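Everything on this sheet refers to the single structure shown next.
The values are calculated or read from the model by the stated rules, or taken from the named source; none is laboratory data. These figures come from a predicted structure and were not determined experimentally. Glycine also receives a Cβ, built like all others from the backbone with ideal geometry; neighbour counts cover every protein chain displayed.
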Amino acid sequence: MIKFKSLNQSKQFLKILRKKIINAKYFSIYFEKNFSEENNNLNISFVIKKNIGNAVRRNKIRRKLRGAVQKIIKEKRAIDLSYTYVIFGRNNVYSDKFPLIVNEFDNVFKKIKQIDE
């Protein structure tokens, strides 16, 4: 089973935020290639801006995004573990259906693989 590992320091976030970005309907994803040999963890962080809503709404958006990533990992293995990802969730995640979010993640991670090649 692949475990999520979140970024801890603001230096790490700032380093990733200067790298490549893909904007989607439900989120924006920043990513950078890792150079470490450790491949049993997925370096991913979910960020929700405070102006989106109260804590309950932000946590629900974060749970939906995390669940979509876990579903893709279990079913398709489409996520490259050699990258670090920072995902900024958007407000429309709260109201839209879960399969739409999973489909959007699948498309974005395919784009990331194409960019790398």
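Points worth noting:
- Per-region count, segment 2-38, residues modelled with pLDDT under 90, part of a loop (DSSP other than H, G, I, E, B) and closer than 19 Å to residue 66 by Cα: 4
- Of residues in segment 74-111 being β-branched (Val, Ile, Thr) and within 12 Å of the chain's Cα centre (by Cα), the one farthest from residue 28 (Cα to Cα): 79
- Comparison of 48, 2, 16, 44 shows that the only residue that is under 12 Å from the mean Cα position of the chain (by Cα) and closer than 18 Å to residue 109 by Cβ is 44.
- The residues of segment 58-117 that are closer than 22 Å to residue 41 by Cα, surrounded by fewer than 19 Cβ atoms within 10 Å (Cβ to Cβ) and among the basic types (Lys, Arg), listed by number, are 62, 63, 66, 71, 74, 76, 77, 110, 111, 113.
- Filter result for residue 46 (modelled with pLDDT under 90 and either assigned to a helix (DSSP H, G or I) or surrounded by 12 or more Cβ atoms within 10 Å (Cβ to Cβ) (or both)): no
- Odd one out for residue 23, checked against (1) under 19 Å from residue 114 (Cα atoms); (2) surrounded by 17 or more Cβ atoms within 10 Å (Cβ to Cβ); (3) more than 11 Å from the chain's Cα centre (by Cα): (2)
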